[in-house]
Amino acid sequence: MNQTFISDLQSGLDALKASGTYKKLNHLASPQAARVQMEGRGEVLILSSNNYLGLCDEPSVVQAGIDGLKKFGAGTGSVRFICGTFTVHRELETAIARFVGTEASMSYVSAWNANEGLTASVVEEGDFVISDALNHASIIDSIRLAKAITKCTTAVYKHSDLDDLVEKLKANKGAKRRLIWTDGVFSMEGSIAKLPELIQVAKDHDAVLIMDDSHATGVLGELGRGTAEHFGVLGEVDVITSTLGKALGGAAGGFVAGPAALCDTLTQRSRPQLFSNALPPTVAASALASIEFIEAHPERVRTLRENAAWFRQAITEAGFKPLDGATPIVPIIIGETADAIKMSEMLLDEGIFVTGFGFPVVPHGTARLRCQISAAHTREDLDYAVRAIKKVGQKAGVLK
Ligand SMILES: Cc1ncc(COP(=O)(O)O)c(C=O)c1O
């Protein structure tokens, strides 16, 4: 055992504890839902999960997983191109493409993997990749990896600043190919990308637009089909990536959706496809049932939208200033990381589980309680949450 290694790690952990930024794990002993059983706490109201549509414990989604387990067994035992491709993968990928409005799709064990494998699979030396400053960490790592592997040129444009984007595209007009990466919904802000404008910029500069819609799939648009549906531009984004781990059942998994030639290229070249086992069939079956559920129950998406609007207004009336937005992510800015973490602990004492996010996830001084609303919340749940946040805000001196 290398003791120096262990004591170095321990001092890093001690420093996090001393600064009040150490993350403790809470254990749930019941399905993910509006209210859960938390070990050592009893019943707790969840205001922090990506279970936007409440499908984690939806009976048809759970049953599809059980049926999938019985039909296909516990795992794939292989990567896709060897012997790990099951018929349920094909069914799921057809449903995903139909749902998000693309020709084809390819599933992965996570959206992290989908994103990470994508850039390096489609760029070469001489190409130019540009990314919004607030894009998700998986996109940032994907571009870093692509740069290291292919020596492509990369840049970051200021968050949602199209002038900056255009300027950098012009400066790289000699590149063989240009790729623009954006989140559909920016997860720490709850804001939506300026998609119609981005589509136009991509057209004007002969660029490929890639959008990670992880917080929008099942959430935005009348039928939950995502950011493109929200803006009425379904079918106009070159490539959409997203997760199966949020609104679509919340288990795990992700996908890349786009032209069939892209998905085939990923089968041939994407390293997470080539070197890592396929999505477990049980999870694929539950995700497929989630998509079918949303297609049959658009009212669930409407409930989510109404709940989010109600909460945003109620928390504002309670005296907080949440960041503006039209998504179920409602961030309440607290300021210092330690204060946000302390408030989230105080809220847990009130039976509300909402995570405080601070540096390095968000910039210094903008630590926040990120409230995430679900269609599974009742008005009583949300009303209780608002009253508890107000009480804790006053106690913590954040709300005068
Ligand atoms: C925008 C975005 N992309 C990708 C991911 C990764 O999703 P997954 O859990 O499927 O790896 C997340 C999850 O936090 C996310 O918010």
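So for the stretch 53-75 (the condition being under 30 Å from Glu222 (Cα atoms), without any contact (Cβ under 8 Å) to a residue 40 or more places away in the chain and not β-branched (Val, Ile, Thr)), does at least one residue qualify? The answer is yes; a qualifying residue exists. On the stretch given as the stretch 199-216, residues that are within 16 Å of the ligand (Cβ to nearest atom) and surrounded by fewer than 24 Cβ atoms within 10 Å (Cβ to Cβ) total 1. For the stretch 31-42, filtering for residues that are farther than 15 Å from Ser374 by Cβ and either modelled with pLDDT of 95 or more or surrounded by 14 or more Cβ atoms within 10 Å (Cβ to Cβ) (or both) leaves 5. For Leu179, state whether it is more than 16 Å from the ligand (Cβ to nearest atom) and more than 26 Å from Cys371 (Cβ to Cβ). The answer is yes for Leu179.
So, Val362, is that one crowded, with 17+ Cβ neighbours inside 10 Å and assigned to a loop (DSSP other than H, G, I, E, B) or not? Yes: the conditions hold for Val362. In the stretch 184-198 there is no residue matching the filter, namely being of a type in the set (Gly, Ala, Ser) and more than 16 Å from the ligand (Cβ to nearest atom).
Going by what's in this entry, would Gly319 be described as surrounded by fewer than 18 Cβ atoms within 10 Å (Cβ to Cβ), among the small types (Gly, Ala, Ser) and over 24 Å from the mean Cα position of the chain (by Cα)? Taking the combined requirement at face value, the residue satisfies it.
Would you point out which residue out of Glu124, Glu189 is of a type in the set (Asp, Glu) and touching a strand residue (DSSP E or B) at 6+ places or on another chain (Cβ under 8 Å)?
Glu189
Tallying residues that are on the phi < 0 side of the Ramachandran plot, part of a loop (DSSP other than H, G, I, E, B) and surrounded by 22 or more Cβ atoms within 10 Å (Cβ to Cβ) within the stretch 189-198 yields 1. If the condition is being within 8 Å of the ligand (Cβ to nearest atom) and over 21 Å from Ser160 (Cβ atoms), then the stretch 135-149 contributes no residue at all.
Restricting the stretch 255-297 to residues that are small (Gly, Ala, Ser) and not in a helix (DSSP H, G or I) leaves a set whose member that is nearest to Ser142 (Cα to Cα) is Ser270.
Which of (1) touching a helix residue (DSSP H, G or I) at 6+ places or on another chain (Cβ under 9 Å); (2) within 16 Å of the ligand (Cβ to nearest atom) is the odd one out, the single condition Arg98 does not satisfy? Single failed check for Arg98: (2). Filtering the stretch 232-249 to residues that are within 14 Å of the ligand (Cβ to nearest atom) and touching a strand residue (DSSP E or B) at 6+ places or on another chain (Cβ under 9 Å) leaves Val239, Ile240, Thr241, Ser242, Thr243, Leu244, Gly245, Leu248. Of all residues in the stretch 122-168, those satisfying the criterion of being over 30 Å from Gln268 (Cβ atoms) and under 21 Å from the mean Cα position of the chain (by Cα) are Ala133, Leu134, Tyr157, Lys158, His159, Ser160. Just one of the numbered conditions (1) more than 16 Å from the ligand (Cβ to nearest atom); (2) at pLDDT 95 or above is not true of Lys173: (2). The set of residues from the stretch 216-236 being in a loop (DSSP other than H, G, I, E, B) and under 27 Å from Leu169 (Cα atoms) comprises Ala216, Gly226, Phe231, Gly232, Val233, Leu234, Gly235, Glu236. In a loop (DSSP other than H, G, I, E, B), modelled with pLDDT of 90 or more and not assigned by TED's automatic domain parsing to the domain that holds His230: is that true of Thr316 in this structure? No, not satisfied.
The values are calculated or read from the model by the stated rules, or taken from the named source; none is laboratory data. Please read these numbers as outputs of a predicted model, since none were measured by experiment. All Cβ positions, even for glycine, are placed from backbone atoms using ideal geometry, and neighbour counts span all protein chains on display.
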